[in-house]
Amino acid sequence: MAAGNSKKQRIIILGAGFAGLRLARALNGTEYEVFLIDKHNYHQFQPLMYQVATARLEPSSISFPLRKVFQHSGNVNIRITEVTRIDTEARVVYTPIGDLPYDRLVIALGCTTNYFGNTRIQSHSFPMKSVPQAMALRNRILKTFEDTIVAGPDELQSLLNFVIVGGGPTGVELAGAMAEMKKNILPKDYPGVDFSRFTIYLLEGSPHTLNAMSEISKVKSQQYLESLGVIVKTGTVVEDYDGNTVRLRGGETIAARNLIWAAGVTANVLEGIPAGSITRGNRLITNRYGEVQGLDGVYAVGDIAYMETPKYPHGHPQLANVAIAQAVFFAKNFKRELKGKSRLEFEYHSKGTMATVGKRKAVVDLPGLSFQGRLAWFTWMFVHLMLILSVKNRLFIFFNWMMSYFANDSTLRLMLKADTGG
């Protein structure tokens, strides 16, 4: 592994999600030598992952090659590999392609799906935290619809029951998208199948969907879902799933061949981090400069970071806006240090939260203002388009959205699987 310019301070960033990528971009062109390490050679835009899973967008529309982003950079180096462990005393990151010493290490590995220790649910359900997982789910959804054509009466309803666990933005948006497939697309693709029996369940353990949003957004999101035909069950906990039967706390069961798990996240674990630096959800405890508790020269940013501040005494919400704000702020601090200036303490100022439920149906909470419906839907689209990295991808997404809006259809329902043959 190339050492680069040893005269510069070396900052290694682990993870090219919202936080890691934004930090690397903010440090581009500075006097720091930056290494950005990720197991994928692309950044993936997670808020639109559900549209890949429901065949509304292609994965290339929400994925951005890292080397394209930094192809003109003189100080940002890309390494596509996994980190096996770190040594915080020797200040070395260990990977299968070589060991890399650092002056500062920024951990931005984000989160993975949290199954709360239930291995049976993990082995039989479908997560949606990465592009490959979204594509696997897309293939499964489309294959299930193909299976309904030849299914016997005993198994047909089980195939037509889709259970989504988790009433946060991911679950709500996925349920809404699948409900619109039921209404606008499936009857045309499969005229011989009675899709009135296609049932989408959204199960949420808390009292409301979108439980972190305002009261009116919670209520309105559930109303939108139910108007689309989604069966919403709040205060409902899934205890087990064997691939055929969903078992709920209290004894109720749902026969379903497909369960999609969007019920929670836990931070990715990295070997070499002492237990004293880790808190609930495997998040890394940091001070307001982003430094990990008890570790010199190690920082955490984004979903993996747990920082208590006056406004957020229990840590910041695990949102893309928080990750981006932290990355931009800590990059400014790194630049201030190059100039001999003192660092500033971070505080997050919320720009709002939002979720879409379907065509012309969305909820938006801004500081001091909440609104729903068509305006919220256009606001949601505009904000997400602006967060997309490249102009080309924005145009592709906008074109697909407009075609879908006017035609109530998409042309992307392809089952794409790797050919493992010789």
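Here are the numbers:
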| item | result |
| --- | --- |
| Output for the range 74-97, where each listed residue is assigned to a loop (DSSP other than H, G, I, E, B) and either at pLDDT below 95 or more than 21 Å from the chain's Cα centre (by Cα) (or both) | Gly74, Asn75, Thr84, Thr88, Glu89, Ala90, Arg91, Pro96, Ile97 |
| Residues satisfying the stated conditions in the range 158-194, i.e. in a helix (DSSP H, G or I), among the hydrophobic types (A, V, I, L, M, F, W, C) and either open to solvent by 40 Å² or more (accessible area, probe 1.4 Å) or touching a residue at least 40 places away in the same chain (Cβ under 8 Å) (or both) | Leu159, Val172, Leu174, Ala175, Ala177, Met178, Ala179, Met181, Leu186 |
| Where Gln318 falls short, out of the listed (1) within 27 Å of Ala355 (Cα to Cα); (2) open to solvent by less than 30 Å² (accessible area, probe 1.4 Å) | (2) |
| Hey, Gly340 open to solvent by 40 Å² or more (accessible area, probe 1.4 Å) and small (Gly, Ala, Ser) or not | yes |
| Residue, farthest from Val69 (Cα to Cα), within the range 388-422, restricted to residues that are modelled with pLDDT under 70 and of a type in the set (Val, Ile, Thr) | Thr420 |
| Number of the condition not met by Glu82 [criteria: (1) more than 28 Å from Arg140 (Cα to Cα); (2) open to solvent by 60 Å² or more (accessible area, probe 1.4 Å); (3) touching a residue at least 12 places away in the same chain (Cβ under 8 Å)] | (1) |
| Residue in the range 202-214 that is more than 30 Å from Ala327 (Cα to Cα), of a type in the set (Asp, Glu) and under 21 Å from the mean Cα position of the chain (by Cα) present | yes |
| Subset of the range 35-74 that is under 21 Å from Arg140 (Cβ atoms) and charged (D, E, K, R) - its residue that is most open to solvent (accessible area, probe 1.4 Å) | Arg56 |
| Failed condition for Arg91, given (1) open to solvent by 20 Å² or more (accessible area, probe 1.4 Å); (2) on the phi < 0 side of the Ramachandran plot; (3) not aliphatic (A, V, I, L, M) | (2) |
| Flag for Thr113 being closer than 20 Å to Gly20 by Cβ and at pLDDT below 95 | yes |
| Matching residues, the range 312-367, being acidic (Asp, Glu) and out of contact with any Gly (no Cβ under 9 Å at 6 or more places or on another chain) | Glu337, Glu345, Glu347 |
| In the range 266-276, residue surrounded by the fewest Cβ atoms within 10 Å (Cβ to Cβ) [restricted to those that are more than 21 Å from the chain's Cα centre (by Cα) and within 13 Å of Leu105 (Cα to Cα)] | Gly272 |
| Subset of the range 277-290 (residues that are open to solvent by less than 50 Å² (accessible area, probe 1.4 Å) and not in a loop (DSSP other than H, G, I, E, B)) | Ser277, Gly281, Leu284, Ile285, Thr286 |
| Any hit, the range 96-110, residues being at positive phi and buried (at least 19 other Cβ atoms within 10 Å of the Cβ) | yes |
| Conditions (1) out of contact with any Leu (no Cβ under 9 Å at 6 or more places or on another chain); (2) open to solvent by less than 30 Å² (accessible area, probe 1.4 Å); number of the one not met by Tyr32 | (1) |
| Scope the range 98-140; condition touching a helix residue (DSSP H, G or I) at 6+ places or on another chain (Cβ under 9 Å) and assigned to a loop (DSSP other than H, G, I, E, B); matching residues | Ala108, Leu109, Gly110, Asn114, Tyr115, Pro127, Met128, Lys129, Ser130 |
| Any hit, the range 348-366, residues being modelled with pLDDT of 90 or more, over 23 Å from the mean Cα position of the chain (by Cα) and exposed (fewer than 13 other Cβ atoms within 10 Å of the Cβ) | no |
| Unique match (being within 30 Å of Glu146 (Cβ to Cβ), open to solvent by less than 50 Å² (accessible area, probe 1.4 Å) and not basic (Lys, Arg)) among Thr199, Thr253, Thr209 | Thr199 |
| Residues satisfying the stated conditions in the range 391-402, i.e. surrounded by 13 or more Cβ atoms within 10 Å (Cβ to Cβ) and more than 20 Å from Arg138 (Cα to Cα) | Asn393, Arg394, Leu395, Phe398 |
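The rows are residues; the columns are (1) within 10 Å of Phe346 (Cβ to Cβ); (2) open to solvent by less than 30 Å² (accessible area, probe 1.4 Å); (3) of a type in the set (D, E, K, R).
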position: Val301; (1), (2), (3): yes, yes, no
position: Pro310; (1), (2), (3): no, no, no
position: His314; (1), (2), (3): no, no, no
position: Ala323; (1), (2), (3): no, yes, no
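The values are calculated or read from the model by the stated rules, or taken from the named source; none is laboratory data. Here the structure is a predicted model, which means the values were calculated and not measured. Ideal geometry is used to build each Cβ from the backbone, glycine not excepted, and the neighbour counts take in all protein chains shown. In case anyone asks, the SASA skips ligands and DNA or RNA and just uses the protein heavy atoms, side chains included. Shrake-Rupley method; radii C 1.70, N 1.55, O 1.52, S 1.80 Å.
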